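One structure below.
The values are calculated or read from the model by the stated rules, or taken from the named source; none is laboratory data. What you see is a predicted model; the values in this text were computed from it and never measured. Every residue, glycine among them, receives a Cβ derived from its backbone with ideal geometry; neighbour counts consider all protein chains shown. Ligands, DNA and RNA are excluded from the accessible area calculation, which covers all protein heavy atoms including side chains. Shrake-Rupley method; radii C 1.70, N 1.55, O 1.52, S 1.80 Å.
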Amino acid sequence: MLGLFMVLPVMALYFDGYRHATPFLLGMALGIYGFTQAILQIPLGLLSDKIGRRPVILGGLSIFILGSVVAAVSDSAMGVILGRALQGMGAIASTLMALVTDFTSEQNRTKAMASIGASIGISFAIAMVIGPVIASNAGLSGVFWITAMLGVVGLLIVCKTIPKTLASHKNRETQTDLRQIGMLIREPTLLRLNLGIFFLHLALMALFVVIPIVLAKELGISADNLWWVYLCLLGGGFVAMLPAMILGEKRNTQKLSFVTAIALMALAVLMLGYYRSNLITPLMLLVFFAAFNLLEATLPSWLSKVSPVGNRGTAMGIYSSFQFMGTFAGGVLGGWSLSSFGIDGLFILLALILLIWCLLALSMQSPKPLQTLVLQVGDKNPNEFIKIISNIVGVEDILLVEGEDLAYIKVDKTTVDLPSLQPFFNRK
């Protein structure tokens, strides 16, 4: 992810140096990896269930390295686009999540998933800072060469740390069930959340088609000084969003903070479309990144709470696909808007899209403080097991699947009697 993110803050500044470069192809180069990620994420995850995690991860990293090298040696816009598409074909995120399932117990899995999410957020922040530094010294090709090296490091980590044979444990909460995809896509609340992550990453990618240009050409910030601007924007945005996220979780006012964040993003982008200056531009970008950070953290948490019991893995697979398609759509839309309407028109178009998202979000309800737990049925009769669990305080829903020794339950975190559930926790 660090390698994929490093090109975002600099590609718009260096892409003109490639043959046949146009604003539209710039957008394609930024977003094309999202398209290949979206279409391959679920298939590769399913493939890892059949042939094992390790081969799929090694294969994905190898394709990612190949794509990075192709982009690094290219001197044409189409060559860079091809390299970025190959990078996206190394779509191993869902396989890595399944690997976490294989390595962790139910009690520690949430922490493990959270640490992965945090590492992606940190990699984004680091990439925004070091991408401009590398590009100013070695050009865009240098960024791609560093990305290829990071892929090699990833290969070494996999070879040294992941066993060649590892039993895969079937768990509906972390794996994809193709039979449930249609039902989950149509579920109204999940659909709004999926559209939310689509719009969020569409806006981010479209914005990066023009942010480097605005900072460098309108504010006069040189390419080798962009790193500290991104550091201030991302650091300030994180600090600004933290209190809102904590209060939203504590007081169960996620919808208020959620809708407010979307409205602030729309307002910030609209302001950038009509008026930019040495003061207004950095301030509006700070507002945008603060709101983006809040929404990026809120959406998966909300999805986890409202996913039907026993289907969180499938719901997260769909969610990831919407996210990557948003990345692709944002790059294409940004490149097309820049060539058709200019910088101002792109900002105004994004503001309208974010406003539509805000209106869709108004009809949502704040999620209950629910959590999914996976229990072991053991040798108990299913009817007897359901009767025991149903009588425990705080249990909201139960799913038993024929052929599995596991039960999936939704509990209210504020009232659940965890000690009574403790004997049924699935342990590895």
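Among 228, 357, the sequence by solvent-accessible area, most first, with a 1.4 Å probe is 228, 357.
Out of 45, 22, 324, whose Cα points farthest toward the positive end of the dipole of the chain (charges: +1 Lys, Arg; -1 Asp, Glu; placed on Cβ)? After comparing all options, I get 45. Here the ratio of the Cα radius of gyration of region 338-398 to 2.2 N^0.38 Å is 2.29. Kirkwood radius for the chain, taken over all pairs of different Cα atoms as the inverse mean of 1/r, rounds to 22.6 Å.
Using only side-chain charges placed at the Cβ, +1 for Lys and Arg and -1 for Asp and Glu, the dipole size of region 273-391 relative to its Cα centre rounds to 220 debye. For the cross-link pairs 305/380; 305/413; 111/160, the ones whose C-alpha atoms lie over 18 Å apart are 305/380; 111/160. Between the helical axis of 23-51 and the longest alpha-carbon principal axis of the chain there is an angle of about 20 degrees. Among beta bridges identified by DSSP and lying wholly in the chain, the antiparallel ones come to about 95 percent. Ranking 159, 358 by solvent-accessible area of protein heavy atoms (1.4 Å probe, all protein chains present), from largest to smallest, gives 159, 358. Its Cα gyration tensor gives region 287-378 an equivalent ellipsoid. The semi-axes, each the square root of 5 times an eigenvalue, are 34, 15, 10 Å from largest down. For region 9-162, a Kirkwood radius taken over Cα pairs fed into Stokes-Einstein (20 °C, viscosity 1.002 mPa s) yields D = 130 µm²/s.
Note on region 203-339: with neighbouring protein chains present and a 1.4 Å probe, carbon and sulfur make up 71 percent of its accessible heavy-atom surface. Protein-only accessible surface at a 1.4 angstrom probe places the residues 33, 275 in the order 275, 33, largest first.
Estimated at the nearest 10 Å², the accessible area of residue 306 is 50 Å² with a 1.4 Å probe. Accessible area per residue for region 273-398 is 41 Å², calculated with a 1.4 Å probe on protein heavy atoms, without ligands, DNA or RNA. When region 1-160 is described by a simple charge dipole with +1 on each Lys and Arg Cβ and -1 on each Asp and Glu Cβ, the residue from 59, 128, 34 located farthest towards its positive end is 59. Extents of region 1-72, taken as max minus min of Cα coordinates on every principal axis and listed largest first, are 44, 20, 20 Å. Of the whole protein surface, residue 54 contributes about 40 Å² of accessible area at a 1.4 Å probe radius.
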